[in-house]
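K.L.:
Structure in structure tokens, see below.
The values are calculated or read from the model by the stated rules, or taken from the named source; none is laboratory data. What you see is a predicted model, and the numbers here were worked out from it, not measured in a lab. Cβ coordinates were reconstructed from backbone atoms using ideal geometry, including for glycine residues, and neighbour counts include every protein chain displayed.
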Amino acid sequence: RSATMPKGVFNNKRRKKKPYGVRIGRPTEYFATVAEAVAALEAYRAGKLKKRETDRAALAVKRARNLAIYGRNSATERKVALALVARWEATFPASAALVLNDGTKADVLLRLSEEDAWLPVQLKTTSGAMKGRPNTWLFNNVTGYSGMCVVCWRCDVGDAWVYNGNALNERGKLDLSVTPLRKNCELA
């Protein structure tokens with residue numbers, strides 16, 4: 001590209017009739033004048049921007065729906081963690097409890113005794129029952145928490161199942177679907 005040529009336009013000296021080219025697809029398109037090449041390039045870029053905006057607008061409804069269904073997991077878990085800590089401290093006034101930062105393996109630490117004995121707790125939350133299975137709740141990624149309690153909290157009902165992290169690892173399944181009075185419920 002020479003210093004006088006606009007950005008995105010090049011001159012192919014081997015072409016006599018249409019020497020000015022732009023790469024806006026395959027094959028490269030050539031034009032007789034620089035103005036034609038610039039106009040084609042600008043039209044291509046404008047079309048590309050319009051397509052991007054149209055695609056984003058079409059996905060906005062889907063994104064909003066997905067956010068309502070799947071989003072706010074961290075905020076929901078934080079809210080449950082704060083409630084658990086408040087309940088723990090109200091039930092055992094001499095003990096302490098901590099809500100840990102996002103990204104740590106445990107979500108909550110519960111102090112068990114005056115000596116430094118702490119119980120790490122991993123929270124798993126679900127907003128409601130599974131679609132098509134109104135009496136079953138699904139909790140994702142419940143493995144990998146050996147030596148910890150895993151609390152599976154149902155936000156719609158306001159109660160939980162408490163599992164031993166070692167028992168969930170021994171199951172060998174990544175997710176846990178719980179139906180009251182069934183096998184996975186009895187594992188709690």
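K.L.:
In the range 126-148, which residues are in a strand (DSSP E or B) and in contact with a Cys (Cβ under 6 Å, 6 or more places away or on another chain)? Even if it seems obvious, please write down each step before you answer.
P.N.:
Step one: list which residues in the range 126-148 are in a strand (DSSP E or B), which gives 126, 130, 133, 137-139.
Matches in the range 126-148: 139 only.
K.L.:
Same structure again: So which residues in the range 87-101 are surrounded by 12 or more Cβ atoms within 10 Å (Cβ to Cβ) and either more than 22 Å from residue 158 (Cβ to Cβ) or not β-branched (Val, Ile, Thr) (or both), if there are any at all?
P.N.:
Here is the first cut: in the range 87-101, the ones surrounded by 12 or more Cβ atoms within 10 Å (Cβ to Cβ) are 88-89, 92, 95-100.
Residues satisfying the conditions are 88, 89, 92, 95, 96, 97, 98, 100.
K.L.:
Identify, by number, the condition in (1) loosely packed, with under 15 Cβ neighbours inside 10 Å; (2) closer than 30 Å to residue 126 by Cα that residue 4 doesn't meet.
P.N.:
(2)
K.L.:
Continuing with the same structure: Return the total of residues in the range 149-188 being part of a strand (DSSP E or B) and of a type in the set (Ser, Thr, Tyr).
P.N.:
Matching residues across the range 149-188 total 2.
K.L.:
Starting from residues that are touching a Lys or Arg at 6+ places or on another chain (Cβ under 7 Å) and at pLDDT 90 or above, keep the ones in the range 123-139 and report whichever is surrounded by the fewest Cβ atoms within 10 Å (Cβ to Cβ). It would help to see each step written out before you state the result.
P.N.:
Filtering the range 123-139 down to residues touching a Lys or Arg at 6+ places or on another chain (Cβ under 7 Å) leaves 126, 137, 139.
With the extra rule that they be at pLDDT 90 or above, the set shrinks to 137, 139.
On the way: 137: 27, 139: 22.
Taking the candidates together, the pick is 139.
K.L.:
Mind telling me which of the residues 162, 150 ends up being aliphatic (A, V, I, L, M) and over 23 Å from the mean Cα position of the chain (by Cα)?
P.N.:
162
K.L.:
Just to check your reading of the model, which residue among 68, 106, 75, 86 is at pLDDT 90 or above and in a helix (DSSP H, G or I)? Walk me through it before giving the result.
P.N.:
On the way: 68 fails: at pLDDT 90 or above; 106 fails: in a helix (DSSP H, G or I); 75 fails: at pLDDT 90 or above.
Being at pLDDT 90 or above and in a helix (DSSP H, G or I) holds for just one of 68, 106, 75, 86, which is 86.
K.L.:
Do the conditions hold for residue 187, that is, is it surrounded by 12 or more Cβ atoms within 10 Å (Cβ to Cβ), of a type in the set (A, V, I, L, M, F, W, C), over 19 Å from residue 85 (Cα atoms) and at pLDDT 90 or above?
P.N.:
no
K.L.:
Within the bounds of the range 65-86, is there any residue that is farther than 22 Å from residue 150 by Cβ, surrounded by 14 or more Cβ atoms within 10 Å (Cβ to Cβ) and touching a residue at least 12 places away in the same chain (Cβ under 8 Å)?
P.N.:
The answer is no, given that none of the residues of the range 65-86 is farther than 22 Å from residue 150 by Cβ, surrounded by 14 or more Cβ atoms within 10 Å (Cβ to Cβ) and touching a residue at least 12 places away in the same chain (Cβ under 8 Å).
K.L.:
Does residue 30 fit the bill of being assigned to a helix (DSSP H, G or I) and of a type in the set (Phe, Trp, Tyr)?
P.N.:
When the stated conditions are applied, residue 30 does not pass them.
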